[in-house]
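Worksheet: one structure, shown below.
Taken together, the values in this text are just the output of simple stated rules run on the coordinates, not laboratory data. Source: prediction; values computed, not measured. As a convention, Cβ positions derive from the backbone with ideal geometry for all residues, glycine included, and neighbour counts pool all protein chains shown.
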Amino acid sequence: MKILVTGAVGQIGSELTLELRKRYGANNVIATMHRTPPSDELKESGPIEKVDVSDKEAVRKIIKKHKIDTIYHLVGILSAVGEQKPDLAWHVNMTGLKNVLDLAVEYKIKKVFWPSSIAAFGPTTPRVKTPQRTVLEPTTMYGVTKVAGELLCQYYFEKYGLDVRSLRYPGIISWKTAPGGGTTDYAVAIFYEAIEKKNYEFFVSKNTILPMMYMDDAVKATCDLMAAPAKNISVRTSYNLTALSFSAEEIAKEVQKHIPELKVSYKPDFRQKIADSWPQSIDDSQARKDWGWKHEFTLAKMTKDMLDNLKAECNKF
Ligand code: AKB
């Protein structure tokens, strides 16, 4: 197997790439990035290349050079940045995906993974236990690119038989690489600020509830989906996926069990409107039925693991 990972320096890419190198051999996983420099761990653990995914010929060169047969296309502009730079979000998210899908057909790539998000849903979607098949009327540019991307993936599967698989990730919480420009970022930022400043100001209200997941579970879900037999994959747009749902106040209280001095306040900004347009909880029973999805991390277990790892990182310096 020769795997190409685009966006390998991002929040999910930085951890998924290392897991893929562990599973399939370091030299078989080509990590690519555009402007952000790779971490030492990524650079030293296997091959890396620089590429702008909106440049189709540049992506083609890498596919040919490394005889790629599997692609994890993770590059994407997230919701908050997407609202500030909608043209950029459309360009990166849509042109990048279309290039990858076209090249995948041309070079007979065996499997493609592409992440969708809870951002594919909007204010007209049922917000509690959101079903797999439901109204998709997002009000962010990021969400628009996710719905269009999901339909494009399904189209390439139906028309060309391309084995493309996708997950609608909830907010992902992790300690290795901070997320960049999302609405769910507060659920990560609170951990950093709790350790460094003992003070955190949420940019959403305390009652804001969103679906979330720890990175270990997100990486496991991605690997499990990609390893599942094609006959089990009944959803070719994108699978609903979830682990936890909690309010901003609930995560603050959980962190305060470990750091009682932590003070929190709430000052909602433009991201509140985005959060309010997304579901509070997700029905992911189709993923659980089709390919055996099962999450492991509870809010308590995740909080402890996050704090242990972040504190250990801080002690290194
Ligand atoms: C964001 O907040 O934009 C992302 C997402 C839910 O897709 N974390």
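A few notes on this one:
- Under 21 Å from the Cα of Lys22 - lysines, other chains or at least 8 residues apart: Lys2, Lys43, Lys67, Lys110, Lys111, Lys176, Lys220
- The range 182-277: C-alpha pair distances exceeding 18 Å, %: 54
- Put a dot 7 Å past the Cα of Lys129, heading toward its Cβ, do the same for Phe270, and the two dots end up 3.6 nm apart.
- Normalised Debye scattering of the range 58-107 at q = 0.17, 0.27 Å⁻¹ gives log10 I(q)/I(0) of -0.56, -0.97, counting only Cα atoms as equal scatterers and leaving out solvent.
- Seen from every direction in turn and averaged, the convex hull around the alpha carbons of the range 114-197 projects onto 7.1 nm².
- Rg in Å to one decimal, and Dmax rounded to a whole Å, for the range 108-256 via C-alpha atoms: 16.8, 54
- Tyr155 versus Glu57: modelled label distance in nm, points set 7 Å from Cα along the beta carbon direction: 2.5
- The H on the amide N of Thr130, modeled in the peptide plane, is under 5 Å from the matching H of Ser281, Ile282, Asp283, each at least 5 residues off or on a different chain.
- Contact order for the chain, expressed relative to its length and based on alpha carbon pairs under 8 Å spaced 6+ residues apart, stands at 18 percent.
- Summary of the geometry: the range 197-233 and the range 91-162, compared by the centres of their Cα atoms, lie 18 Å apart.
- Pairwise Cα distances in the range 43-181 exceed 27 Å in 24 percent of cases.
- When the Cα convex hull of the range 247-315 is projected onto planes of every orientation, the mean area is 6.9 nm².
- Backbone N under 20 Å from the Ser39 label point (7 Å along Cα→Cβ), restricted to the range 283-317: 297, 302-317
- Among the chymotrypsin sites (Phe, Trp or Tyr not before Pro) in the range 25-120, those placed in a DSSP loop whose Cβ has at most 15 other Cβ atoms within 10 Å are Tyr107.
- Of the GluC sites (Glu not before Pro) found in the range 253-317, the ones in coil according to DSSP and having at most 16 other Cβ atoms within 10 Å of their Cβ are Glu261, Glu296.
- Charge tally in the Cβ shell below 10 Å around Val219, where Lys, Arg are +1 and Asp, Glu are -1, Val219 excluded: -4
- Residues whose amide H lies under 5 Å from that of Thr208, counting only those 5 or more places away or on a different chain, are Ala248, Glu249; hydrogens are built 1.01 Å from N in the peptide plane.
- Net charge, Phe157 excluded, C-beta distance under 12 Å - Lys, Arg +1, Asp, Glu -1: +1
- Put simply, the C-alpha atoms of the chain give a gyration tensor, and the ellipsoid matching it has half-axes of 30, 23, 18 Å, longest first.
- Across the range 1-81, the convex hull enclosing all Cα atoms gives 86 Å³ per residue.
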